[in-house]
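Step one of this worksheet: look at the structure below.
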Amino acid sequence: MKAKKAVSLLLATVLAATMLTGCGGGRGTEETDQTDETPDDAGEEKPDDADAEGEESEDEETGETPSAEGGIVGVALPWLGTQNWAEAEVMFKEQLEAAGYEAIIQAADQKVPQQQQQIESMIENGAQVIVVGPVDGSQLGSVLEKAKDAGVYVIGYDRLLENTTGVDGIVQFGSVKTGELQAEALLQGLKEQKGEAPYNIELFGGGPADPNAPNFFTGAMSVLQPLIDDGTLVVVSGQTDFTQCATADWDNSKAQSRMDAILAGNYSDIEIDGVLSPNDGIARAIITSCENAGQPIPVVSGLDAENESVEWVWSGRQYSTVAKPTNALVEETVSIINSLLSGSGMPETDVTANNGMIDVPVYELPPVVVTKDNAKEVFADDPDRLALLKD
Ligand code: BGC
């Protein structure tokens, strides 16, 4: 332990010296080759095993908790308004500290300027890696270029970082795939619960600033459009463009108002059979609107496996959700950070996404549909959600 501490102290000193000489960050160079496996900072060492296991790291001599031996990591989240982001805040703190890093975690309350300032201050505070879930994927270009120039690695978390060269990789669940799963679940539910076609449906999208939202919608429409074209599905309101269907800021109450207006204007003497919803909060708003209007509950899709929606799926009030476990995404991100800060560069991946300026390496995890039928299976290793499935 003592020997490890000495090495760590040496590393911390070298690191501090590096920061003072102006390199500041983890990459130690302004140049980033996306595919380079051995960047210039290859001399740095990975946090030792004791850190990775979360062993108590209080300094024996001074009694103070030393700043993390592994470096400083910033995490900029867009907001905490859905369960996945609230979980990310907690899990990043736990997992980064357990791996020996000092974590600076901030959420931006859906405000772009606030997020830009938060990232600026992470750079100023010596972050070597900044993980970003953007409020608006295309509005961080200049602050991320600044991070790049300061030698800081930038990882996009859950959402793509667009129109910037200041990004080293993206960690996310397949976003087009997510939309396909939502649409397939909607169709399956309609067949199971609403008799023979045609089916009256409506379409909802997420916040237009979030690059995931158009992707979810595109994935869903690749499944639904042919069935709209052949008359199996009827979008009674006629609103089928993403711009018409999007929900500004992922705001559930805006979705509920839109559903109220659609029902009042189009469904006074017919029943609505199904609704494509981009996430669970919006799904519950849609279902509540239909209940208030005296409609039978339509088949509604979702996303996030939020606790409340897991209960609604289990009780039959919401047809489906899609699980994209935050824990797994945070673990994947921390393992990339370990690789970067130990000098091993970005791990290999075959997937890239063009962000408008460069092809960014993407580390993709698979989303999984959840209905009442498979919920127990999907949450077999998630005791908290499993506990919500009460017989
Ligand atoms: C995330 C979803 C979330 C939504 C709203 C999306 O980018 O992928 O999990 O529900 O943002 O916060």
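Counted residue by residue at 0.36 nm each, then reduced by the alpha carbon distance between them, the extension gain from Glu196 to Gln225 reaches 8.6 nm. Between Glu94 and Glu145, the FRET efficiency estimated from the beta carbon spacing at R0 = 45 angstrom works out to 0.90. Each of Asn338, Met357, Leu389 was scored by the projection of its Cα onto the charge dipole of region 320-391, and the greatest displacement toward the positive side belongs to Leu389; charges sit on the C-beta of Lys, Arg, Asp and Glu.
What the Cβ-Cβ distance of Asn354 and Asp381 gives, at R0 = 41 Å and to the nearest 0.05, is a FRET efficiency of 0.75. With kT/(6 pi eta Rh) evaluated at 10 °C and eta = 1.306 mPa s, and Rh the Kirkwood radius from Cα pairs, region 241-391 diffuses with a coefficient of 89 µm²/s according to Stokes-Einstein. Available extension along the chain between Thr232 and Glu311 is 25.4 nm, counting 0.36 nm per residue and deducting the alpha carbon span. Under the simplified labelling scheme, the Glu271-Gln117 pair shows an inter-label distance of 5.2 nm, with each label point 7 Å from Cα along Cα→Cβ.
When each of the peptides 133-141, 380-388 is scored by the mean number of other C-beta atoms lying within 10 Å of its residues, the order from highest to lowest reads 133-141, 380-388. Is there a pair in Lys194/Lys376; Lys177/Lys254; Lys146/Lys177; Lys111/Lys146; Lys111/Lys376; Lys254/Lys376 whose C-alpha atoms are over 27 Å apart, and which pairs would that be? Check vs 27 Å cut-off fails for Lys146/Lys177; Lys111/Lys376; Lys254/Lys376.
Within the shell defined by Cβ-Cβ distances under 14 Å, the residues around Glu89 carry a net charge of -4, with Lys and Arg each +1 and Asp and Glu each -1. Annotation for Asp251 and Ala328: the two label points, set 7 Å from Cα along the Cα-Cβ direction, are 3.3 nm apart. Anisotropy class assigned to region 219-265 is oblate, per the alpha carbon gyration tensor with a/c at or over the 1.5 cut-off and a/b no larger than b/c. Note on region 256-391: with charges restricted to the Cβ of Lys and Arg (+1) and Asp and Glu (-1), its dipole about the Cα centre is near 240 debye.
In this calculation the C-beta distance from Lys372 to Phe242 is compared with R0 = 22 Å, giving a FRET efficiency of 0.15.
A rounded overall shape is assigned to region 192-310, the ratio a/c of its alpha-carbon gyration tensor axes (a ≥ b ≥ c) being less than 1.5.
Using the Cβ of Pro367 as centre and a radius below 11 Å, the other residues enclosed give a net charge of -1, where K and R count +1 and D and E count -1. Put simply, the amide H of Ala108, placed in the peptide plane, has neighbours under 5 Å in Leu77, Trp79, leaving out anything fewer than 5 places away on its chain.
Every number here is computed from the coordinates shown, using simple stated rules; none is lab data. Since this is a predicted model, take the numbers as computed values, not measurements. Glycine also receives a Cβ, built like all others from the backbone with ideal geometry; neighbour counts cover every protein chain displayed.
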